[in-house]
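What follows is one structure encoded as structure tokens, with my remarks underneath.
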Amino acid sequence: MLEVKNVDAGYGKINILNDLSLKARENNLTLLIGPNGAGKSTLLKAIFGFVKTSKGSIEYNGKDISSLPSHQLVDHGISFLLQRVSVFPELTINENLKLGAWAFKKDKQKVTQQLEAMYDKFDVLKQKRNEKAGLMSGGQKRTLEIARMLMSNPKMLLIDEPSAGLSPKIAKEVYQILHGLKDDGITLLMVDQNIRDSIGYSDYVYVLEQGSVSSESKASEVEANLKEVVQSWLKF
Amino acid sequence: MDFLVPLLAQLTNGLIIGFIYALMALGLTLIFGVLKVINFAHGEFYMLGAYISYIASRMLGLHPIIGIIAAVAVVFIIGMLMEKALLTPIYEDKVERKDEYALLITFGLSIFLMNGALVVFGPYQKSPEPLASGVLDLGVLSVSSGRIYAVVLAIIFMAATLFIINKTWLGTALRALSQDRDASTIMGINAKTLGSIAFGLGAAMAGAAGALLAPVFLVFPIMGVVPAIKSFVIIILGSMGSIKGAIYGSLLLGIVESLGVFFLSPSYRDGYSFLLLIIILLVKPKGLFGGSQWNN
Ligand SMILES: Nc1ncnc2c1ncn2[C@@H]1O[C@H](COP(=O)(O)OP(=O)(O)OP(=O)(O)O)[C@@H](O)[C@H]1O
Ligand SMILES: [Mg+2]
């Protein structure tokens with residue numbers, strides 16, 4: 001589905017990713033873990049084109065997407081949840097959601113249909129639909145970002161720290177939503193520090209250190225040795 | 001009570017000019033909101049608008065309304081092209097000091113356009129066909145019909161802009177872009193194209209103001225300097241990037257100027273705006289609408 005091959009990327013002259021390769025298999029949730037500053041966010045940004053690659057290729061369904069402008073990736077079914085808060089604070093929740101349908105904005109009926117589907121799924125959003133997004137709580141903003149991302153009917157999601165700053169209860173809800181997306185045939189590549197909670201929902205795990213993959217394995221194997229993994233983790 | 005009628009006349013004139021400045025300031029605010037660029041060539045788009053209406057009405061013999069519409073359309077296109085040609089390096093990480101780059105490049109554009117007009121049209125003042133001649137009798141006071149038409153058109157242009165910004169997909173995307181460029185890109189919005197459109201729209205609003213005021217203040221190469229400075233005063237006054245602020249700021253400026261002219265002296269007309277700015281910033285350092293956003 002998505003294959004990153006020998007990629008170098010960074011900011012200006014500073015290189016962050018070194019000859020990095022990994023795969024996100026179709027309809028899997030692929031988990032990316034690693035210490036702070038390892039380059040996890042940089043990798044997602046490089047896939048989405050926010051960070052320029054200087055070497056290697058990024059293939060999506062066999063096609064190199066590394067030179068496409070970022071805004072065109074939506075048309076290919078790729079969507080991105082940033083690590084930081086990314087709601088449009090001065091727009092209403094309804095306007096935020098509608099922008100998620102930008103790719104097919106001319107199809108009024110489909111836009112309405114998607115909006116209704118999101119409001120059915122996320123009751124908080126429905127109740128506050130005409131309020132400004134900036135006034136919502138952290139968890140509600142994350143929910144809005146996820147719903148907005150789903151408006152475009154994506155096939156592949158890049159997700160950076162879905163549960164950052166959320167209470168355990170809301171984090172659990174968010175994981176369940178994301179996990180449920182697999183049933184809709186969506187492929188997920190997800191960065192998460194919170195390995196204990198996310199591993200159970202994952203299929204495959206990559207560990208990133210200093211801009212390269214240091215190890216990879218099936219999630220079930222990691223889960224079995226979670227204690228050891230977390231132990232070695234603490235050494236970082 | 002004898003002073004009341006002339007005062008009313010001054011105030012009416014001040015408000016009329018205020019509405020037209022509001023159009024120009026709104027354009028400046030739109031560009032700043034979306035592109036985070038202070039357009040130092042704004043006065044020259046105003047000047048271009050005036051010249052285009054002059055060419056259309058005097059040289060081509062078209063109706064003044066057509067001249068104004070032509071000014072809006074042509075300045076929109078010129079603005080878009082200028083943005084594409086000059087400002088794109090900012091978004092491709094090609095320049096290191098983006099703010100300084102934008103400042104210098106729009107400043108350079110301003111000097112270029114001013115001198116271009118000087119070469120093409122010469123230094124002399126020209127006057128386009130007014131929208132209407134004669135005066136409108138409003139009972140106690142009479143106002144030149146040309147100005148009435150101008151202010152009505154200015155209000156129509158402003159209403160159209162506000163409609164676009166608040167009610168259309170394009171407007172929602174522009175507001176989104178002004179708040180979070182990366183998040184907009186993730187939605188599939190082409191930030192570069194929309195940036196050009198925003199710049200074109202902003203420039204076109206200055207062009208419209210220039211075309212509307214051209215019969216009143218005449219047309220010459222440096223005609224845009226004072227209105228541009230006033231637009232800067234207005235948007236600082238009304239808090240950078242606030243749409244409400246731009247509109248109320250312009251009206252306030254128009255009123256204060258006419259009061260100053262009436263009670264103090266007409267010679268300092270252009271100085272009153274700065275006095276107003278200084279007083280307001282002393283009381284409210286963030287401007288009248290400090291903290292509020294580009295939206296609404
Ligand atoms: N915009 C930027 N400009 C320059 N350097 C950056 C930028 N963003 C990140 N970096 C650097 O790139 C490196 C990797 O950052 P990145 O955000 O990818 O790490 P991460 O693995 O996502 O960390 P975290 O777990 O804290 O989110 C860090 O050393 C960071 O300082
Ligand atoms: Mg990160």
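Numbers at a glance
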| read-out | value |
| --- | --- |
| Inter-label distance, nm, simple model (7 Å from Cα along the C-beta direction), B:VAL135/B:ALA160 | 3.1 nm |
| Square roots of 5 times each gyration tensor eigenvalue, C-alpha, chain A, largest first, Å | 29, 21, 16 |
| Virtual spin-label span in nm between B:GLU96 and A:GLN113, 7 Å along Cα→Cβ | 5.3 nm |
| Positive-end residue of B:ILE16, B:LEU201, B:ALA183, charge dipole of chain B with Cβ unit charges | B:ALA183 |
| Length-normalised contact order for chain A - Cα pairs under 8 Å, 6+ apart - percent | 28 percent |
| Cα-centre dipole for the protein assembly as shown with unit charges at Cβ (Lys and Arg positive, Asp and Glu negative), debye to 20 | 400 debye |
| Once the Cα gyration tensor of the protein assembly as shown is diagonalised, semi-axes √(5λ) in Å | 54, 24, 20 |
| Helix axis angle, A:168-181 relative to chain A longest principal axis, alpha carbon, degrees | 90 degrees |
| Histogram of C-alpha separations across segment B:1-84, 10 Å bin width, % | 16, 35, 28, 15, 5, 0 |
| Hull volume in cubic angstrom per residue (convex hull over the Cα atoms of segment B:4-283) | 135 Å³ |
| Pairwise FRET efficiency - B:VAL216 versus A:ASP64, Cβ, R0 = 56 Å, nearest 0.05 | 0.45 |
| Heavy-atom accessible area ranking, 1.4 Å probe, most first, across A:HIS71, B:HIS63, A:HIS179, B:HIS42 | B:HIS63, A:HIS179, A:HIS71, B:HIS42 |
| Computed FRET value (nearest 0.05) for A:ASP183 with A:GLU216, which takes r as the C-beta separation and R₀ as 30 Å | 0.75 |
| Student exercise, segment A:2-233 dipole from Lys, Arg, Asp, Glu Cβ charges, in Debye to nearest 20 | 700 debye |
| Rounded accessible area of B:TYR91 (nearest 10 Å², 1.4 Å probe) | 50 Å² |
| Given charges at Cβ of Lys, Arg, Asp, Glu: chain B dipole, positive-most of B:VAL5, B:ALA160, B:LEU252 | B:ALA160 |
| Pairwise centroid distance, computed over Cα atoms, of segment A:1-41 with segment A:88-124, Å | 31 Å |
| Accessible-area ranking of B:SER231, A:SER137, largest first, probe 1.4 Å | A:SER137, B:SER231 |
| Contour minus Cα-Cα distance for A:ASN130 and A:ASN153 (0.36 nm per residue) | 6.0 nm |
| Averaged over B:185-197, number of beta-carbon atoms from partner chains that fall within 10 Å | 6 |
| Kirkwood-Stokes translational diffusion coefficient of segment A:102-236, alpha-carbon pairs, 4 °C, 1.567 mPa s, µm²/s | 77 µm²/s |
| Beta bridge orientation in the protein assembly as shown: antiparallel %, DSSP, nearest 5 | 60 percent |
| Shielding by partners - mean other protein chain Cβ count within 10 Å, residues of B:170-183 | 5 |
| Normalised contact order of segment B:4-283, rounded percent, pairs of Cα under 8 Å and 6 or more residues apart | 39 percent |
| On Cα atoms only, tilt of A:108-121 relative to the major axis of chain A in degrees | 70 degrees |
| Loop sites in segment B:224-286: trypsin sites (Lys or Arg not before Pro), DSSP, at most 15 other Cβ within 10 Å | B:LYS286 |
| Filtered chymotrypsin sites (Phe, Trp or Tyr not before Pro), segment A:102-174: DSSP coil and at most 10 other beta carbons within 10 Å | none |
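The values are calculated or read from the model by the stated rules, or taken from the named source; none is laboratory data. The model shown is predicted, which means the values in this text are computed figures rather than measured ones. FYI the Cβ positions are ideal-geometry reconstructions off the backbone, even for glycines, and counts take in every protein chain you see. Protein only, heavy atoms only, side chains kept; ligands, DNA and RNA dropped before computing areas. Shrake-Rupley method; radii C 1.70, N 1.55, O 1.52, S 1.80 Å.
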